[in-house]
Amino acid sequence: MPLLNKVRTAASGGSGGDTATRSLSRLRLALTLFFALDGFLFAGWVVRIPAVKQQTGASAGDLGLALLGVSAGAVITMTLTGRLCRRYGSHAVTVATGVLLSLSVALPPLTRSPLALGLVLLVFGAAYGGINVAMNSAAVDLVAALRRPVMPSFHAAFSLGGMIGAGLGGLLAGSLSPTAHLLGLAGAGLVLTALAGPVLLRHPSPAPPPESLAPAAHVSDGSSRSGTRRTVLVFGVIALCTAYGEGALADWGALHLEQDLGAHPGVAAAGYSVFALTMTVGRLTGTALLERLGQTRTLVAGGATAAAGMLLGALAPTVWATLLGFAVTGLGLANIFPVAVARAGAVAGPAGVATASTLGYGGMLLGPPSIGFLADWFSLPLALTTVAVLAAGAAAMGYWVRNAGAESVS
């Protein structure tokens with residue numbers, strides 16, 4: 001990989017540095033577009049779920065079972081994509097799954113029964129899970145080559161893509177059928193993949209810096225492999241704690257504002273928007289934060305901030321204090337997931353990314369039903385405090401594994 005040797009030269013200002021820097025910049029832009037595409041397509045599908053439900057004649061229970069297809073497809077594919085990335089390269093897998101995601105988002109409105117909807121959502125979920133592991137694996141390699149903690153910027157692109165996709169979907173819902181809307185998204189996804197994909201396919205994944213390869217010589221020892229697996233699992237659980245909070249606030253934040261605090265429906269609907277906005281802002285500033293604090297302190301501070309914010313959001317007696325709590329929670333959680341995935345990838349490569357992503361996605365699935373059960377047994381405000389508990393747990397685990405993997409920026 002001659003280009004990779006030039007990257008090292010570029011870091012030290014030698015000849016060929018400008019070419020290598022431009023190549024890495026193009027790779028970063030292409031990957032950023034794929035992260036944005038992922039969020040854009042997924043949000044575009046989510047806002048049309050009610051219309052597709054009506055079109056298929058599905059009951060609430062039927063729809064719930066059909067939506068499990070997304071979860072099942074994602075989880076199954078996430079466990080396999082790490083192997084595909086090792087065999088074919090994360091760039092090629094990112095492009096392939098980008099095409100599949102773009103095509104499959106157009107399928108749900110073409111179905112006419114809950115069973116058919118569940119089957120096509122299995123395909124959509126497989127593409128969604130695959131692209132998440134592949135592009136995060138590619139991002140981990142690029143972060144190592146750039147020698148800067150830019151992982152949050154990729155996840156900020158995902159958040160921005162989701163906000164744009166949801167906003168556009170809301171605007172088009174009254175004028176376009178689900179079929180026309182999602183076919184349009186599929187076309188846009190294929191065009192973007194055609195523009196960004198060749199950049200990934202032309203350039204192999206950057207190799208890790210030589211110093212990061214030194215510990216790998218000891219991984220052949222059984223105890224080292226076992227320790228690596230345990231470390232990756234811890235980072236996966238940290239990602240789970242973050243995604244649990246995101247899933248919980250997405251499904252229950254508005255209900256808490258309206259049901260428990262008497263907020264106007266419009267104000268209640270703004271609850272998750274405030275959370276998503278501050279999470280996006282937190283990720284946009286994440287690189288600067290990581291360069292200033294380092295990964296461990298970012299994890300610990302983020303978890304502690306999210307815990308304090310969610311306690312305020314769950315227990316505050318007024319609507320505006322609750323909205324403030326949601327905003328603080330978004331800032332706190334913003335960079336925990338990308339840092340956890342990056343650290344897992346630094347420790348174990350694509351397999352580490354796959355494990356952390358799978359556990360993180362599981363947290364997003366676990367959050368809403370767990371909050372629902374706890375709300376039935378106790379109360380919704382008390383149930384929402386579990387988000388704070390898990391955020392505090394993420395902070396503690398982040399400190400516990402503070403020496404795992406090399407931090408690119410201390």
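The values are calculated or read from the model by the stated rules, or taken from the named source; none is laboratory data. Keep in mind the model is a prediction, meaning the values are calculated, not measured. Glycine gets a Cβ as well: all are built from the backbone with ideal geometry, and neighbour counts include every protein chain shown. Accessible surface is based on the protein model in full, side chains and every heavy atom, while ligands, DNA and RNA are left aside. Shrake-Rupley method; radii C 1.70, N 1.55, O 1.52, S 1.80 Å.
Quick notes on this one:
- Taking the criterion of being without any contact (Cβ under 8 Å) to a residue 60 or more places away in the chain and farther than 26 Å from VAL52 by Cα, the residues of the stretch 158-206 that qualify are ALA194, PRO198, ARG202.
- Within the stretch 1-99, helices (runs of 4 or more DSSP H) holding 1 or more residues that are at pLDDT 85 or above and not β-branched (Val, Ile, Thr): 17-46, 49-56, 60-88
- Residue in the stretch 96-109 that is of a type outside the set (Lys, Arg) and under 22 Å from ASP251 (Cβ atoms) present: yes
- Residue count for the stretch 54-77 satisfying the condition of being closer than 17 Å to TYR361 by Cα and either open to solvent by 60 Å² or more (accessible area, probe 1.4 Å) or aliphatic (A, V, I, L, M) (or both): 7.
- Note on the stretch 262-281: residues that are open to solvent by less than 50 Å² (accessible area, probe 1.4 Å) and touching a residue at least 60 places away in the same chain (Cβ under 8 Å) total 3.
- Reported count of residues in the stretch 231-267, each being aliphatic (A, V, I, L, M) and outside any helix (DSSP H, G or I), is 1.
- For the stretch 374-395, taking the residues that are of a type outside the set (Phe, Trp, Tyr) and more than 22 Å from ALA239 (Cα to Cα), the one that is least open to solvent (accessible area, probe 1.4 Å) is identified as LEU380.
- Only one entry in ALA375, ALA348, ALA383, ALA356 is under 15 Å from the mean Cα position of the chain (by Cα) and either closer than 30 Å to ARG229 by Cβ or part of a helix (DSSP H, G or I) (or both), namely ALA356.
- Residue count for the stretch 296-334, restricted to those that are over 20 Å from SER273 (Cβ atoms), of a type outside the set (A, V, I, L, M, F, W, C) and open to solvent by less than 40 Å² (accessible area, probe 1.4 Å): 4
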